[in-house]
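In what follows, a single structure is set out as structure tokens and then discussed.
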Amino acid sequence: MPRAPDMPPPPLGPRHWPAWLGIAAMALLARLPWPWQRALGRGLGALLRTTLAGRRRIAERNLSLCFPELTADARARLLREHFAAIGIGVFEFARAWWGSVDPLRRGTRVVGLEHLEAARADGRGVIVVSGHFTTLEACGRLLCEHVPLAGMYRPHAQPAMEWAVRRGRSRYAAAMFPKQDVRGVVRHLKRGGLLWYAPDQDPSRGDSAYVPFFGQPAHSLTSTHQLARLSGASVVLFQHARREDGGYTLELWPAFEGFPSTDATADTARVMAGIEAMARAAPEQYLWIHRRFKRQPDGVSPYA
């Protein structure tokens, strides 16, 4: 496959060969029949739940913090479903980057495109906000078939993996911006571009505030407020989920009114409340293995 015009040559030195072997294996798995991938994904999820004990404990703690109303049995069932969603998500990522989404496309429902069009009707850019769900890559690719969506991402530490993933995303994304490239993002939005953005993980740097998330204080980036303020862009929430019948639902919400305000913390709380609502709608598909609450106002981590 020819290299995208803005892509550097792939790193091919011997130290990168193990990574390329892994990438080749993933690319081959991306071409398996979709029913096989779903079955294998559930098995992979069960294996990960057993072998990744640290991540399992993080997910268990998150579920106990966020769903105190559930019984222990219900949370255990949700944990199993979550790891099954992770396993299927591995194959969705591979298929989105290096395979065909034809089987996924056939069962896809898209709702609310009119909200996105209304938000950009006056030439404004739009920040399309979602969260870290196991379906994010597959559903992001599916949405790209309807609108020219760019993305903001964290570069991969392994150069070969970084090159391969960027090359895969270049097949469908309008552009990809490393998270450090704020100027490029603002310029894109000022030109009326669309940007997919997920601000729901505990940041290592950047302007942040503590806002509620599932009733817990969550250290959260205020960057949605900052990007909207700098660019004049609207903010639209993007909800996506894998349905029980194997299809996908992509839903765009009406743009936030009065956003951004003069209060970055209040705006960030609005964004996180929206992501919480999406996570409650498909709780097994939200990424609970992330230490979302590791920083607390009192300095005591619930994962200690």
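Tabulated data
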{"item": "Evaluation of residue 234 against (1) among the hydroxyl-bearing types (Ser, Thr, Tyr); (2) under 18 Å from the mean Cα position of the chain (by Cα); (3) open to solvent by less than 20 Å² (accessible area, probe 1.4 Å) (one fails), failing number", "result": "(2)"}
{"item": "Some residue of the stretch 192-212 being open to solvent by 10 Å² or more (accessible area, probe 1.4 Å), more than 21 Å from residue 285 (Cβ to Cβ) and touching a Phe, Trp or Tyr at 6+ places or on another chain (Cβ under 8 Å)", "result": "no"}
{"item": "Condition check for residue 104: touching a residue at least 60 places away in the same chain (Cβ under 8 Å) and under 28 Å from residue 278 (Cβ atoms)", "result": "yes"}
{"item": "Single condition residue 168 does not satisfy, out of (1) open to solvent by less than 10 Å² (accessible area, probe 1.4 Å); (2) touching a strand residue (DSSP E or B) at 6+ places or on another chain (Cβ under 8 Å)", "result": "(2)"}
{"item": "Matching option when the condition is of a type outside the set (Phe, Trp, Tyr), within 30 Å of residue 104 (Cβ to Cβ), in contact with a Gly (Cβ under 6 Å, 6 or more places away or on another chain) and modelled with pLDDT of 95 or more, among 282, 233", "result": "233"}
{"item": "Selection from the stretch 65-96 of residues that are in contact with a helix residue (DSSP H, G or I) (Cβ under 8 Å, 6 or more places away or on another chain), open to solvent by 40 Å² or more (accessible area, probe 1.4 Å) and assigned to a helix (DSSP H, G or I)", "result": "75, 80, 81, 90, 93"}
{"item": "Index of the failed condition, residue 267 passing every other in (1) within 21 Å of residue 82 (Cβ to Cβ); (2) of a type in the set (Asp, Glu); (3) open to solvent by less than 40 Å² (accessible area, probe 1.4 Å)", "result": "(1)"}
{"item": "Subset of the stretch 253-304 that is of a type in the set (A, V, I, L, M) and assigned to a loop (DSSP other than H, G, I, E, B) - its residue that is nearest to residue 112 (Cα to Cα)", "result": "255"}
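The values are calculated or read from the model by the stated rules, or taken from the named source; none is laboratory data. The shown structure was predicted, so the numbers you read here are calculated from the model rather than taken from an experiment. Quick reminder, even Gly has a Cβ in these numbers, built from the backbone with ideal geometry, and neighbours come from all protein chains shown. Note: areas computed on protein heavy atoms with side chains; ligands, DNA, RNA excluded. Shrake-Rupley method; radii C 1.70, N 1.55, O 1.52, S 1.80 Å.
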